[in-house]
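The values are calculated or read from the model by the stated rules, or taken from the named source; none is laboratory data. Computed from a predicted model, the values in this text were never measured in an experiment. Neighbour counts are summed over all protein chains in view; Cβ atoms, including those assigned to glycine, are modelled from backbone coordinates with ideal geometry.
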Amino acid sequence: MREFAVVLLVAAIVTYLLTPPLRAVAIRLRVMTQPRDRDVHAIPTPRLGGLAMYVGILAAVFVATVLPALQRTFVFSQDILGVLLAGGLICLLGALDDRFDLDALTKLTGQIACAGVMALFGVQITFLYLPFGDVGTVSLGSDIAVPLTILLTVLTINAMNMVDGLDGLLAGVAGIAALAFFAYSYNLSREGFSDVASAPTLIAAVLTGACLGFLPHNFQPARIFLGDSGAMLIGLMLAGAAVSATGKADPQTFASATSLLPLTLPLLVPLAVLAFPLVDLVLAVLRRARAGRSPFAADKLHLHHRLLEIGHSHRRAVVILYLWTMVLAFGTVALAIFGVSPEVLLALGSLLVVAVLVSTIPQLRSHRRTAGWADARRPVERD
């Protein structure tokens, strides 16, 4: 755990220190996000923040190669190399989009290619548990594993890209998601299902550090944006960590077949960790398809925009979405680690109630004001 803390801090410190000079470079090269109708920022803001995060991640992984325990991560697996190489390519693709505003088809083709590079290095969904009848665990051949891995990676990349709509939102959500996945992956290793020095655990740790290092520069009011270079990098690394952790292990080794939940948790945990971005992505696609628009057409109807519409401030909306991400991600991880106990269910239920109440405060206040105004307008009966 101490070595994981070291690499997390290295990623955070390098990212934090590198972001200001990179901001100056972005301004000099005029890589700026101009205010648009669907945006909430009012002044041009530099982007390319993903480049600082990638260098921070590289620095942390380099430190990991010389640490006694984490050295084992690179001995028996190429997962780290595959994720780093694909991450560098997609970060470059995002930087080109930040500068030249690439069309949607070019970006999608590049995303598929980068996900394919990761899959070629062995980061694939090899096993899949299907909780239907007597199907059980299915071993996937490369003809299915590679396309399925690419599909899930591209979905995660675009889900993260759509979340990047408020200052500090994506960096915070991704940091929370990565930290939750770190806890899940580290627990698997402690229980003996993998080596403690495993690729997904290291990926989650360095990504958490990079997000924490970037967040002080990005929280409202943001001095620099992640840009597509950062959003797509985060999506690919989260997908890589999830696939590396859950795609190569037979889920039936995690618990006895008498319990359905432990068998499906290896599949549910990544979905829960990425629940908010994935739900936002699905709603956006359905909304645009119903309106006869392209799924890639931008709008101002994402979940974070709706929180602003009902009366939340910018910072409060971001913090609320942090809370929802924590509840969903850490709640599912708690079920995976501690089981379905009354204490865990009570804590999870309490947090859900708090999240709902906090999210609906403006509507409750509006209802109270409306009711008070109606009472004031009601005529008073006199004897």
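Among the candidates Gly116, Gly110, Gly133, Gly122, which residue alone is surrounded by fewer than 22 Cβ atoms within 10 Å (Cβ to Cβ), at positive phi, modelled with pLDDT of 85 or more and not β-branched (Val, Ile, Thr)?
When all the criteria are applied, what remains is Gly122.
Go through the stretch 65-79 and give me each residue that's surrounded by 14 or more Cβ atoms within 10 Å (Cβ to Cβ) and free of Cβ contacts under 8 Å to residues at least 12 places away in the same chain.
Listed by number, the list holds a single entry, Phe74.
Filtering the stretch 138-153 down to residues that are part of a helix (DSSP H, G or I) and of a type in the set (A, V, I, L, M), which residue is farthest from Gly235 (Cα to Cα)?
The qualifying residue farthest from Gly235 (Cα to Cα) is Ile144.
Looking only at the stretch 336-357, how many residues end up being touching a Leu at 6+ places or on another chain (Cβ under 7 Å) and in contact (Cβ under 8 Å) with a residue 24 or more places away in the chain?
Of the residues in the stretch 336-357, 3 are touching a Leu at 6+ places or on another chain (Cβ under 7 Å) and in contact (Cβ under 8 Å) with a residue 24 or more places away in the chain.
Take Phe225 and tell me if it is out of contact with any strand residue (DSSP E or B) (no Cβ under 9 Å at 6 or more places or on another chain) and of a type in the set (Phe, Trp, Tyr).
no
What tally of residues in the stretch 45-75 results from selecting those that are charged (D, E, K, R) and within 22 Å of Leu18 (Cβ to Cβ)?
1
Let's see how each residue does on (1) of a type in the set (D, E, K, R); (2) surrounded by 20 or more Cβ atoms within 10 Å (Cβ to Cβ); (3) outside any helix (DSSP H, G or I):
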site: Thr15; (1), (2), (3): no, yes, no
site: Pro21; (1), (2), (3): no, no, no
site: Ala52; (1), (2), (3): no, yes, no
site: Val63; (1), (2), (3): no, no, no
site: Leu81; (1), (2), (3): no, no, no
site: Leu93; (1), (2), (3): no, yes, no
site: Arg99; (1), (2), (3): yes, no, no
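Which residue, of Leu105, Leu85, is part of a helix (DSSP H, G or I), within 21 Å of Ala242 (Cβ to Cβ) and either out of contact with any helix residue (DSSP H, G or I) (no Cβ under 8 Å at 6 or more places or on another chain) or at pLDDT 95 or above (or both)?
Matching residue, one of Leu105, Leu85: Leu85.
Quick check on the stretch 306-314. Is at least one of its residues touching a His at 6+ places or on another chain (Cβ under 8 Å), modelled with pLDDT under 70 and either within 29 Å of Ile361 (Cβ to Cβ) or of a type in the set (D, E, K, R) (or both)?
Among the residues of the stretch 306-314, at least one is touching a His at 6+ places or on another chain (Cβ under 8 Å), modelled with pLDDT under 70 and either within 29 Å of Ile361 (Cβ to Cβ) or of a type in the set (D, E, K, R) (or both), which makes the answer yes.
Looking at Leu58, Leu96, Leu108, Leu120, which is the one that is in contact (Cβ under 8 Å) with a residue 12 or more places away in the chain and closer than 25 Å to Thr15 by Cβ?
Leu58
Only residues in the stretch 150-176 that are farther than 25 Å from Phe121 by Cβ count as the first member; pair them with residues that are acidic (Asp, Glu) and part of a helix (DSSP H, G or I), Cβ under 9 angstrom, at least 6 apart or cross-chain, and list the lot.
Short answer, once both residue conditions are applied: Met162/Asp280; Val163/Asp280; Asp164/Asp228.
So if I check each of Ala284, Ala317, Ala291, which one is more than 20 Å from Ala231 (Cβ to Cβ), among the aliphatic types (A, V, I, L, M) and modelled with pLDDT of 70 or more?
So the residue among Ala284, Ala317, Ala291 that is more than 20 Å from Ala231 (Cβ to Cβ), among the aliphatic types (A, V, I, L, M) and modelled with pLDDT of 70 or more is Ala291.
Can you name the number of the only condition in (1) of a type outside the set (Phe, Trp, Tyr); (2) in a helix (DSSP H, G or I); (3) out of contact with any Phe, Trp or Tyr (no Cβ under 8 Å at 6 or more places or on another chain); (4) within 28 Å of Gly165 (Cβ to Cβ) that Gln71 fails?
Status for Gln71: all satisfied but (4).
State yes or no: is Ile150 under 21 Å from Met53 (Cβ atoms) and at pLDDT 90 or above?
So Ile150 fails the test.
In the stretch 323-362, which residue that is surrounded by 17 or more Cβ atoms within 10 Å (Cβ to Cβ) and aromatic (Phe, Trp, Tyr) is nearest to Tyr184 (Cα to Cα)?
Top of the filtered list is Phe330.
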